[in-house]
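The values are calculated or read from the model by the stated rules, or taken from the named source; none is laboratory data. These numbers were taken from a predicted model, which means no experiment stands behind them. Here the Cβ is made from the backbone with ideal geometry for all residues, glycine too, and neighbour counts use every protein chain on show.
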Amino acid sequence: MLCPLHKPLSSSPAPARVVGVSVLTLTLLSMSAAGLAQSSEGRAMLFQSATEWVSQQNRLDPASIQFNPLDERVRIAACRQPIQFDQPLGNPNTLRARCTQPYWQHWLSFYTQAPQRAQAAVQQRDQNREVWVANQLIRRGTLVTPDMFERRNMDISNAETALIQSPEDLKNVELLRDMQPGSPIRSHDLKPAMLVKRGQVVLVSMGEGRGFLVTVRAESQQDGRLGELIRLKNPESGRLLSAMVTGPNSARGM
């Protein structure tokens, strides 16, 4: 009696399973890369804030403060609130850093430069240098104005070249980081602010310098910073026009 023949089972993996594993692998790699980028930003923010705090508490030149590195495996999320520092252990070279959003806590240790290097840094100071400092807590992303700052004499290194010198430099810009009261403001702390956003009503002046001046309201068709050329739409006629951003929700017709 003859037995029925059976087709051998295929040993090839199911295509759907292979695709699924590949997609999962790519997703995990993307999530890992994003997490590392956020951790790098959070770590830089932590050490910058810690240096400013130690400098103010101990009247030290920031250049003389060196922090011992944290374990690279420790991920530090960027803090969305001002980082809080204290020294509950009583050790003058150890401090605790805490963030409330998201919540984390880390212990940092630091040391100062060797006496000869610290002395050289002191010799570079201008003991009576007037600088612009924040007169209040200012959040990252805030559209700053000159009245948020004040002039104050501080011990600043003569090598410092990025300090803001004029109140005009504090207009139409936004802050890139949180600033504590008394912190000097530098050019790399600021970026041009988005003064016009898509969909907003903008006041457009036309004819300036040509013997007449007409002001119309138009709807912005795109975002724009100071000095940028944007497209707008007259809501009554539907006509499109171009204008240069001159301030918050204001522009000059071209």
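Yes or no, residue by residue, for (1) closer than 19 Å to I138 by Cβ; (2) at pLDDT below 90:
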{"site": "S157", "(1), (2)": "no, yes"}
{"site": "E160", "(1), (2)": "no, yes"}
{"site": "D178", "(1), (2)": "yes, no"}
{"site": "K191", "(1), (2)": "yes, yes"}
{"site": "G199", "(1), (2)": "no, no"}
{"site": "M206", "(1), (2)": "no, yes"}
{"site": "Q222", "(1), (2)": "no, no"}
{"site": "L226", "(1), (2)": "no, yes"}
{"site": "E236", "(1), (2)": "no, yes"}
Take the conditions touching a Lys or Arg at 6+ places or on another chain (Cβ under 8 Å), surrounded by 13 or more Cβ atoms within 10 Å (Cβ to Cβ) and farther than 19 Å from K171 by Cβ and apply them to Q221. Does it pass?
yes
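Conditions (1) aliphatic (A, V, I, L, M); (2) touching a Pro at 6+ places or on another chain (Cβ under 9 Å); (3) surrounded by fewer than 16 Cβ atoms within 10 Å (Cβ to Cβ), marked per residue:
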{"site": "D71", "(1), (2), (3)": "no, no, yes"}
{"site": "Q81", "(1), (2), (3)": "no, no, yes"}
{"site": "D86", "(1), (2), (3)": "no, no, yes"}
{"site": "L89", "(1), (2), (3)": "yes, no, yes"}
{"site": "R96", "(1), (2), (3)": "no, yes, yes"}
Pairs with Cβ under 6 Å, 6+ apart, first in region 81-100 and in the same structural domain as L46 (by TED's automatic domain parsing), second of a type in the set (A, V, I, L, M, F, W, C) and exposed (fewer than 14 other Cβ atoms within 10 Å of the Cβ)
R96/W107
Would you check if there is a residue in region 57-69 being in a loop (DSSP other than H, G, I, E, B), at pLDDT 85 or above and buried (at least 16 other Cβ atoms within 10 Å of the Cβ)?
yes
Would it be correct to say that D147 is within 23 Å of N58 (Cα to Cα) and either loosely packed, with under 13 Cβ neighbours inside 10 Å or at pLDDT 90 or above (or both)?
no
